Amino acid sequence: MTRRSLLFVSASAACAQSTGNLDPLIESLAVRDPRLSWMQPRFRNLKSWKKTAQARYLELLQYRPAAVDPKPEVLGTVERDGLKIERITFATTPAIRVPAYVLKPAGATGKLPAVVALHDHGGFYLWGKEKLVRAEGPEHPVLTAFKQRYYAGRNIAEDLARDGYLVIVIDMFYWGERRMLLPNDAADWRDRPAEMPKERIDAFHARASANEQLVGRSVMSTGATWAGIMTWDDVRTVDYLVSRPDVDAKRIGCVGLSVGAVRAAYLAAADTRIKVSMPICWMTSFPEQLRDKVVHTIGHTKLIPGLYGELDYPDVASLAMPAAMLVINGGKDGLFTPKGMELSHNKLRECYRKAGIANRVECTMYPDAPHEFNAEMQKQAWAFLRKWI
């Protein structure tokens, strides 16, 4: 049996068995009435609650780099299919520069509404931003197949740019150009050639998946969290956006599938400049994940110690208020329990209703959909985006 097969079997067994005889103790620790939820009766003023809850959320991320000058560098520009696409890097800290694509309609003038498009996890690490944008040169067939499975074959950042938005897509830490490479790694893992065999891609992804634990523990050993790095990279992306003369800083939204949805929720919770947030296929109630869903849903990219006793996942998402929010889930998404998805949708609706802005939230379940951002979902999302920005 291969290493990849062993990893798969191990993960599958853990998912099926959960934590066995340890379940009762672990489940007894789950907080089902989070202390800082907007739905607590003692919270009546949205602005006051948000100040308190957001401060605690940001504190628990254990990572808050000082604002820096983005100092963008344009590495290349192409025009194709009616779009102008810039390949850039910009600073998120004094020591870190993040690679990104920026897209807008070719020939566009004036200030444009902007979208932060957030790529997924997918156990697919060799590419990040290229999941949402067709890169220059030939695209690897494995990447094309990935897009077909999860995005209905669309390059969604390009679709948004054709709709008149300026769109930015960065590589998340540990993906794409920011993937983990070791000194003795072969040239194909470094260069990602179009002719690289699928077996080599699978091998890289298997190693990257196995080493998430190592990287997560390493980050947490410094006193930070992976979720904090992820969130503040996305906040600093907004800093870069508003520094551009072609961006309307009052009309910025974000969208993402899977871990991109987590990023969309966390970004809108942290940054009031986000006016529309659209988490796709990642909304649930944390306690409902504990029995048999933790293996593939509460990895280091999402783990924020201490958070869920104070704010459940839909409570974190509600920190976006009064920003508009569209939440979409698939009824056949095996990552979540049906009850967890239902509870989270209901809580978000209740939060917006209590805030007096019930019209600003939509929670939709596609009963027959798996974990994906399909064409029908995309149509709904782009209509929601046009409505609010």
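Ranked by how many other Cβ atoms sit within 10 Å of their own Cβ, fewest first, the residues 18, 218, 28 fall in the order 28, 218, 18. The amide H of residue 115, built 1.01 Å from its N in the peptide plane, has 166, 167, 168, 253 as neighbours under 5 Å, considering only residues 5 or more places off or on other chains.
Kindly identify the range 278-369 as rounded, prolate or oblate by the Cα gyration tensor criterion: order the square roots of the eigenvalues as a ≥ b ≥ c, call it rounded if a/c is under 1.5, otherwise compare a/b with b/c, prolate if a/b is larger, else oblate. Oblate. If you sort the three axes of the alpha carbon gyration tensor as a ≥ b ≥ c, you get a/c under 1.5 for the range 59-388, which makes it rounded. Applying the Karplus relation 6.51 cos²θ - 1.76 cosθ + 1.60 with θ = phi - 60° to the range 61-74 yields 3J(HN,Hα) values of 5, 6, 7, 8, x, 5, 4, 10, 5, x, 6, x, 10, 8 Hz, where x marks Gly and Pro. With a threshold of 23 Å on the Cα-Cα distance, the over-threshold entries among 47/347; 129/302; 131/302; 198/379 are 198/379.
Going by neighbour counts of Cβ atoms within 10 Å, the residues 254, 363 line up, fewest first, as 363, 254.
Build a GNM of the chain with springs between Cα atoms under 10 Å apart, and of 257, 181, 112 the one that fluctuates most is 181. Think of each Lys and Arg Cβ as +1 and each Asp and Glu Cβ as -1; about the Cα centre, that makes the dipole of the chain roughly 1060 debye. Return the single residue from 186, 264, 108 with maximal mean-square fluctuation; model: Gaussian network over the chain, springs between Cα atoms under 10 Å. Checking each option, the largest mean-square fluctuation is seen for 186.
Largest mean-square fluctuation among 369, 100, 55, in a Gaussian network model of the chain whose springs join Cα atoms under 10 Å apart, belongs to 55.
Among the GluC sites (Glu not before Pro) within the range 143-216, which fall in a DSSP loop and have no more than 11 other Cβ atoms within 10 Å of their own Cβ?
195
No value in this document is a laboratory result; all are computed from the given coordinates. Everything quoted here is computed from the prediction, not taken from an experiment. Cβ atoms come from the backbone with ideal geometry, glycine included; neighbour counts cover every protein chain shown.
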